[in-house]
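Input: a single structure, listed below in structure tokens.
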Amino acid sequence: MPTEHARGDRADVKPRTGPAEEQAAAPHGSLVDAHVGRYSARAKDMAASEIRALFAVAARPEIVSLAGGMPYVTALPLDAVGDMAGQLVAQRGAAALQYGPAQGDPALREGICEVMALEGIRAHPDEVVVTAGSQQALDLITRIFADPGDVVLAEAPSYVGALGTFASYQAQVVHVPMDDHGLVPEALGESLARLRGQGRRVKFLYTVPSFHNPAGVTLSAPRRAEVLGICQRAGLLVIEDNPYGLLGFDTEPLRALRADDAHGVVYLGSFSKTIAAGLRVGWALAPAGIRDKLVLAAEAAVLCNSSLTQLMVGEYLAGQPWREQIKVFRELYRERRDAMLDTLGAVMPEGCRWTRPGGGFYVWLRLPPGLNSKSMLPRAISSRVAYVPGTGFYADGGGAEYLRLSYCFPGPARIREGIRRLAEVIGAEAEIRATFGPSRAAGGGAGPADLTGPAGGPASQ
């Protein structure tokens, strides 16, 4: 409802106003937000993600949250980290509490290159731009490449934070199908040919190749070569988002895409999953031209990121056994993944399918035909279990027949109880569907095609 403006004492007398005053007095607000008419076109499309909207409810202690991907930071040697932070401020406080270079602390950038070497990447510190988590790196990349209406290719499903970033810059996301071996190269080639035949500008491919969020699958080594080849022939930039690459349970880290293409791949990394999310330290590894634009964009956004947290991470890499700590995280998350997969196999109703992740944080579950994960969520919350509906991972609102389960934060016993509660919810929803028919919103959205199951069935590798 437009706001009412003050009038003079006499209804038939209208005060004289100039053009500027008339513009300022024009109705623009509502009872909810007095500034609703002033926002930019891109701001009007902003919306809360499916995950953030769940946080307040899922944080209640009686609810088993299988929703958020929060790392289990309690596994860190907190006493040692606390001592390290205290010594840092005492000995280097003048630098830690001061502005720093927009590209990031030089010593930290050297440490980042050492971390990336575990995935076969040979890089120079000058190629690294430190950011506030890889999320800021993704925002900066999109800012410098995407104009409104440009196309970004992304897996189906795709990371919800990336979809929000692309939408904020008014880029159009076109999803490319996946299966249990990751992005399907043939589908990527077909999508590129179709879009270019339509005269549409495709700016880059966004991919999470290792232990995908939300699907949990990993792009196989042969497909990595195929995807790179397709993008190289098409002159298409690849954005490789790899926060989980060091958290494999059964194998050494796979060779990164960036390791085989230093000019056509921008690599995004983060310490959120291997050290602590609250430090908000990530990075982009980019060719020189892109790096320079990223530094300028970072300066415009924040001047510089936190010197304190950068120096903390640098001290951690230099003085703590961080490789051993990653092994601790891997074993901890492996145990929790096993608890989830074992319980899924034991209690899930007929018709459910799920991925079998080899690392990372997530299982992607497909519901029996006709069920809708979004409309089922209130029943799940009432039954004291939370998950993320699949619709949050599709730009077109599809994916209602899927949901994401996270095993990184709750302990194994809590995970088992949460899965048991979820199985009861799905069973009850299936009974309602059998009686009254499927939900109108069910269906839509492509997901990994060869999911594990049915319960107790063979695992898809």
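Count, please, the residues in the range 373-401 that happen to be open to solvent by 10 Å² or more (accessible area, probe 1.4 Å), more than 17 Å from E155 (Cα to Cα) and part of a helix (DSSP H, G or I).
Qualifying residue count, the range 373-401: 7.
Pairs needed: first member in the range 321-334, part of a helix (DSSP H, G or I); second member anywhere, among the aromatic types (F, W, Y) and open to solvent by 40 Å² or more (accessible area, probe 1.4 Å); C-beta distance under 8 Å; at least 6 residues apart or different chains.
F329/Y72; L332/Y72; Y333/Y72
Going through P101, P71, P106, P77 one at a time, which residue ends up being without any contact (Cβ under 8 Å) to a residue 40 or more places away in the chain and in contact with a helix residue (DSSP H, G or I) (Cβ under 9 Å, 6 or more places away or on another chain)? Quick ask: steps written out before the conclusion?
On the way: P101 fails: without any contact (Cβ under 8 Å) to a residue 40 or more places away in the chain; P71 fails: without any contact (Cβ under 8 Å) to a residue 40 or more places away in the chain; P77 fails: without any contact (Cβ under 8 Å) to a residue 40 or more places away in the chain.
Just one listed residue meets the conditions, P106.
If you go through the range 137-168, how many residues are open to solvent by 10 Å² or more (accessible area, probe 1.4 Å), more than 19 Å from A286 (Cα to Cα) and in contact (Cβ under 8 Å) with a residue 60 or more places away in the chain?
Number of matching residues: 8.
Which of the helices (runs of 4 or more DSSP H) contained wholly in the range 143-245 include at least 1 residues that are of a type in the set (G, A, S), out of contact with any Pro (no Cβ under 6 Å at 6 or more places or on another chain) and closer than 30 Å to K44 by Cβ? Show your work before the answer.
Details: elements: 160-168, 185-197, 221-234.
Once the helices (runs of 4 or more DSSP H) in the range 143-245 are filtered for at least 1 residues that are of a type in the set (G, A, S), out of contact with any Pro (no Cβ under 6 Å at 6 or more places or on another chain) and closer than 30 Å to K44 by Cβ, what remains is 160-168, 185-197.
Quick one: would you say S191 is open to solvent by less than 20 Å² (accessible area, probe 1.4 Å) and either touching a residue at least 60 places away in the same chain (Cβ under 8 Å) or among the aliphatic types (A, V, I, L, M) (or both)? Give the steps one after another, and end with the answer.
Working: open to solvent by less than 20 Å² (accessible area, probe 1.4 Å): yes; either touching a residue at least 60 places away in the same chain (Cβ under 8 Å) or among the aliphatic types (A, V, I, L, M) (or both): no.
Spelling it out, it is not the case that S191 is open to solvent by less than 20 Å² (accessible area, probe 1.4 Å) and either touching a residue at least 60 places away in the same chain (Cβ under 8 Å) or among the aliphatic types (A, V, I, L, M) (or both).
For the range 414-437, give me each residue that is in contact (Cβ under 8 Å) with a residue 24 or more places away in the chain and among the charged types (D, E, K, R). Show your work before the answer.
The first filter runs over the range 414-437 and keeps only residues in contact (Cβ under 8 Å) with a residue 24 or more places away in the chain, leaving 414-430, 433, 437.
Answer for the range 414-437, where residues must be in contact (Cβ under 8 Å) with a residue 24 or more places away in the chain and among the charged types (D, E, K, R): R414, R416, E417, R420, R421, E424, E429, R433.
Answer yes or no: is there a residue in the range 54-63 that is in contact with a Gly (Cβ under 8 Å, 6 or more places away or on another chain), without any contact (Cβ under 8 Å) to a residue 40 or more places away in the chain and surrounded by 13 or more Cβ atoms within 10 Å (Cβ to Cβ). Lay out the reasoning, then the answer.
Taking the range 54-63 and keeping what is in contact with a Gly (Cβ under 8 Å, 6 or more places away or on another chain), we get 54-55, 58.
From what's left, without any contact (Cβ under 8 Å) to a residue 40 or more places away in the chain: 55.
From what's left, surrounded by 13 or more Cβ atoms within 10 Å (Cβ to Cβ): 55.
Scanning the range 54-63, I find at least one residue that is in contact with a Gly (Cβ under 8 Å, 6 or more places away or on another chain), without any contact (Cβ under 8 Å) to a residue 40 or more places away in the chain and surrounded by 13 or more Cβ atoms within 10 Å (Cβ to Cβ), so the answer is yes.
Of the residues that make up the range 58-81, is at least one farther than 30 Å from R337 by Cα, out of contact with any His (no Cβ under 7 Å at 6 or more places or on another chain) and in a loop (DSSP other than H, G, I, E, B)? Talk me through it step by step, then tell me what you get.
Taking the range 58-81 first, the residues farther than 30 Å from R337 by Cα are none.
No: zero hits.
Among the residues of the range 82-106 satisfying the criterion of being more than 26 Å from E324 (Cα to Cα) and in a loop (DSSP other than H, G, I, E, B), which is most open to solvent (accessible area, probe 1.4 Å)?
Of all residues in the range 82-106, those more than 26 Å from E324 (Cα to Cα) come to 90-103.
Next, only the ones that are in a loop (DSSP other than H, G, I, E, B) stay: 97-103.
Working: L97: 123, Q98: 104, Y99: 171, G100: 28, P101: 74, A102: 12, Q103: 42 Å².
Selected residue: Y99.
Go through G392, G411, G418, G427 for me and flag whichever is of a type outside the set (S, T, N, Q) and within 17 Å of the chain's Cα centre (by Cα).
On the way: G411 fails: within 17 Å of the chain's Cα centre (by Cα); G418 fails: within 17 Å of the chain's Cα centre (by Cα); G427 fails: within 17 Å of the chain's Cα centre (by Cα).
Unique residue meeting the criteria: G392.
In this structure, does L344 turn out to be of a type outside the set (F, W, Y) and open to solvent by 10 Å² or more (accessible area, probe 1.4 Å)?
So L344 fails the test.
Could you list, in sequence order, the residues of the range 169-188 that are touching a residue at least 60 places away in the same chain (Cβ under 8 Å), open to solvent by less than 10 Å² (accessible area, probe 1.4 Å) and touching a Leu at 6+ places or on another chain (Cβ under 8 Å)?
Of everything in the range 169-188, nothing turns out to be touching a residue at least 60 places away in the same chain (Cβ under 8 Å), open to solvent by less than 10 Å² (accessible area, probe 1.4 Å) and touching a Leu at 6+ places or on another chain (Cβ under 8 Å).
Suppose we filter S40, S49, S65 for residues that are modelled with pLDDT under 90 and in contact with a helix residue (DSSP H, G or I) (Cβ under 6 Å, 6 or more places away or on another chain); which single one remains? So that I can check it myself, show each step before the final result.
Numbers: S40 fails: in contact with a helix residue (DSSP H, G or I) (Cβ under 6 Å, 6 or more places away or on another chain); S65 fails: modelled with pLDDT under 90.
So the residue among S40, S49, S65 that is modelled with pLDDT under 90 and in contact with a helix residue (DSSP H, G or I) (Cβ under 6 Å, 6 or more places away or on another chain) is S49.
From the residues in the range 212-259 that are over 29 Å from V388 (Cα atoms) and charged (D, E, K, R), which one is surrounded by the most Cβ atoms within 10 Å (Cβ to Cβ)?
My answer is R258.
Of all residues in the range 107-134, which are in contact with a strand residue (DSSP E or B) (Cβ under 9 Å, 6 or more places away or on another chain), of a type outside the set (D, E, K, R), within 24 Å of E252 (Cβ to Cβ) and assigned to a helix (DSSP H, G or I)?
Once the filter is applied, which keeps residues that are in contact with a strand residue (DSSP E or B) (Cβ under 9 Å, 6 or more places away or on another chain), of a type outside the set (D, E, K, R), within 24 Å of E252 (Cβ to Cβ) and assigned to a helix (DSSP H, G or I), the range 107-134 yields I112, C113, V115, M116, S134.
Which condition from (1) in contact with a Ser or Thr (Cβ under 9 Å, 6 or more places away or on another chain); (2) not in a strand (DSSP E or B) is the one that W283 breaks?
(2)
Can A132 be described as crowded, with 24+ Cβ neighbours inside 10 Å, within 22 Å of G245 (Cβ to Cβ) and within 15 Å of the chain's Cα centre (by Cα)?
no
When both residues are 6+ apart or on different chains and their Cβ atoms are under 6 Å apart, which pairs have a first residue that lies in the range 118-136 and is in contact (Cβ under 8 Å) with a residue 12 or more places away in the chain and at positive phi, and a second that is open to solvent by 30 Å² or more (accessible area, probe 1.4 Å) and part of a loop (DSSP other than H, G, I, E, B)?
Cβ pairs passing all conditions: G120/R255; G133/R280.
Go through the range 396-422 and give me each residue that's aromatic (F, W, Y) and more than 16 Å from F329 (Cβ to Cβ).
Selection gives Y402 alone.
Scanning the range 402-414 for residues that are over 30 Å from A154 (Cα atoms) and not in a loop (DSSP other than H, G, I, E, B), which turns out least open to solvent (accessible area, probe 1.4 Å)? Break it down stepwise before answering.
So in the range 402-414, the residues over 30 Å from A154 (Cα atoms) come out as 411-414.
Still in the list and also not in a loop (DSSP other than H, G, I, E, B): 412-414.
Details: P412: 27, A413: 73, R414: 91 Å².
Per the stated criteria, the residue is P412.
The values are calculated or read from the model by the stated rules, or taken from the named source; none is laboratory data. What you see is a predicted model; the values in this text were computed from it and never measured. For neighbour counting, all protein chains shown are included, and Cβ atoms are generated from backbone atoms with ideal geometry for every residue, glycine included. All accessible areas refer to the heavy atoms of the entire protein, side chains included, with ligands and DNA or RNA removed. Shrake-Rupley method; radii C 1.70, N 1.55, O 1.52, S 1.80 Å.
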